[in-house]
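The next block holds one structure in the form of structure tokens; read it before the comments.
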Amino acid sequence: MKFPFWFRKLWQRHGPKRKLIIVDGDTPPETLSTRHLYVCRDEGENWSAAMSCPCGCGDKLELMLLKEVKPNWTLKTDDQSPPSLHPSVWRKSGCEAHFWLRDGHIQWC
């Protein structure tokens, strides 16, 4: 069952925070949980972050973390805080979702 957009927005802001899952290798898992951010790490270097689209469309998002690749994102996290991504994620096709991931919460633009 698909919930109305306003309910998903409220839940994602005040619901549980996204957790960081480290994946060995440069490929994210085939199936992604809706509540996690997966970081693909190969030989100690973060390659990409993957998550399911928070709008509920079911698309898999893969965001590059390597500085040599354009566009790229910066991941901020440590053992005490949930993950944050910079800059915002703005899908130019499909659902066209535009959001920030800050301290594990989705903030819609």
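Looking at the structure I just gave you, is LYS9 at pLDDT below 90 and either buried (at least 16 other Cβ atoms within 10 Å of the Cβ) or in a helix (DSSP H, G or I) (or both)? So LYS9 passes the test. Any idea how many residues of the stretch 18-34 are surrounded by 16 or more Cβ atoms within 10 Å (Cβ to Cβ) and assigned to a loop (DSSP other than H, G, I, E, B)? Qualifying residue count for the region: 3. I'd like the residue in the stretch 41-85 that is of a type in the set (A, V, I, L, M) and in a strand (DSSP E or B) and, out of all such residues, is nearest to LEU101 (Cα to Cα). Looking at residues that are of a type in the set (A, V, I, L, M) and in a strand (DSSP E or B), I get LEU85.
The values are calculated or read from the model by the stated rules, or taken from the named source; none is laboratory data. Given the structure is predicted, the values throughout are model-derived calculations rather than measurements. When we count neighbours, we look across all protein chains shown, and the Cβ atoms used for this are built from the backbone with ideal geometry, even at glycine.
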